[in-house]
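Everything on this sheet refers to the single structure shown next.
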Amino acid sequence: MKILLSFFVLSISINSFAQDSWIDKVIYGVDDRKDIFESTNDMYKQLANSTAAMISDSSLVSREDDTVLVSSTTLEQDGICADARFAKQVAAANCSGFLVGDQYLVTAGHCIQDLDDCERYSWVFGYANVTEEKLTQIIPKTEVYKCNKIVSRVLDRSTYNDFALVRLDRVVAGHTPLKFRTTGKIADKAGLVVIGHPSGLPTKIADGANVRSNTNKYYFQATLDTFGGNSGSAVFDSTTGVVEGILVRGETDYVNDPIQNCYRPKVCKVTECRGEDVTRITNIKELQKIIRK
């Protein structure tokens, strides 16, 4: 079952959230998650095109027409209540990532530990519902990439600094590298949007969030609607579309519904619960070298 344990507990699920198990995430106020086709914001849709899913190679089934079938269980099959949002969709992603250079991708440091992970997982663009909800995800093979080098990675249990910069096996075609902050820090209470793969689902856009705490050197906290699988997601200033950070930690994802004998997303008031932690993108000093290329 893809249900993770609470804050500061290291947990391992029995399938696709094994990588993204450092800290969970949650819903704040209204659930703002949308499939790409549901969004009315053209800028968000464009940003979503630069998002990639980290998917186990064992979940990518090659087909004769140069496509791959994303083979995975649904949230409902993994114990989430049948009437929960997106319960019928496949949930194959372990983590999220985003393009920052023509061959470079950023994710969370706890998502990818070494080159063995590069061998066992692929980075898949286009794992998304762009025009309508699809219960079967079939992706062109050209959208599947491997990482061949970990350029920089930090997972520090004392500071909670958490990021990874990886080089993919080839230049990425059809997706634009994202703009990201290079100096300073985000404004207090700034509006935010996060784009990634909550609970391993196809790409979701979740806006309507704000910075909650902006004092820590390594990360800021926000009221983002995120889940396991969102780790590594780009967190943007909702007005400018500039990447401000990397989603890495948060509140417990799901709570038990003893009547229905299933799990539901945990919901907190906007002013309650611990907030979601976002590694500052400026922590990755190697990104400056990419800009100068």
Unmet requirement for residue 37, which otherwise passes all of (1) in a loop (DSSP other than H, G, I, E, B); (2) aromatic (Phe, Trp, Tyr); (3) at pLDDT 95 or above:
(1)
Could you list all residues from the range 115-132 that are part of a loop (DSSP other than H, G, I, E, B) and either modelled with pLDDT under 95 or touching an Asp or Glu at 6+ places or on another chain (Cβ under 6 Å) (or both)?
126, 129
Would you check if residue 210 is in a strand (DSSP E or B) and in contact with a Lys or Arg (Cβ under 7 Å, 6 or more places away or on another chain)?
yes
Options 96, 50, 62, 122: the member that is over 15 Å from the mean Cα position of the chain (by Cα) and of a type in the set (Gly, Ala, Ser)
62
Which pairs turn up if I take residues in the range 109-128 that are in the same structural domain as residue 230 (by TED's automatic domain parsing) and within 16 Å of residue 199 (Cα to Cα) and look for partners that are hydrophobic (A, V, I, L, M, F, W, C) and at pLDDT 95 or above with beta carbon separation below 6 Å, at least 6 apart in sequence or on another chain?
none
Members of the range 59-74 found to be free of Cβ contacts under 8 Å to residues at least 12 places away in the same chain and outside any strand (DSSP E or B), listed by number
64, 65
Residues being among the polar types (S, T, N, Q), loosely packed, with under 14 Cβ neighbours inside 10 Å and on the phi < 0 side of the Ramachandran plot - total across the range 258-293
3
Working carefully through the options 192, 155, find the one that is crowded, with 24+ Cβ neighbours inside 10 Å, under 26 Å from residue 254 (Cβ atoms), over 14 Å from the mean Cα position of the chain (by Cα) and of a type in the set (A, V, I, L, M).
192
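Determine, yes or no, whether residue 142 is in the same structural domain as residue 61 (by TED's automatic domain parsing), touching a Phe, Trp or Tyr at 6+ places or on another chain (Cβ under 6 Å) and either assigned to a strand (DSSP E or B) or in contact (Cβ under 8 Å) with a residue 40 or more places away in the chain (or both).
no
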Subset of the range 81-125 (residues that are charged (D, E, K, R) and under 27 Å from residue 219 (Cα atoms))
102, 114, 117
Consider residue 170 against the criteria (1) closer than 24 Å to residue 101 by Cβ; (2) not assigned by TED's automatic domain parsing to the domain that holds residue 119: it satisfies all of them except one. Which criterion is unmet?
(2)
If you go through the range 177-204, how many residues are assigned to a loop (DSSP other than H, G, I, E, B) and at negative phi?
15
Please work out if residue 174 is out of contact with any Pro (no Cβ under 8 Å at 6 or more places or on another chain), on the phi > 0 side of the Ramachandran plot and either exposed (fewer than 14 other Cβ atoms within 10 Å of the Cβ) or not in a strand (DSSP E or B) (or both).
yes
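The values are calculated or read from the model by the stated rules, or taken from the named source; none is laboratory data. Just so it is clear, the structure is predicted and the values come from calculations on it, not from any experiment. Neighbour counts run over all protein chains shown; Cβ positions are idealised from the backbone, glycine included.
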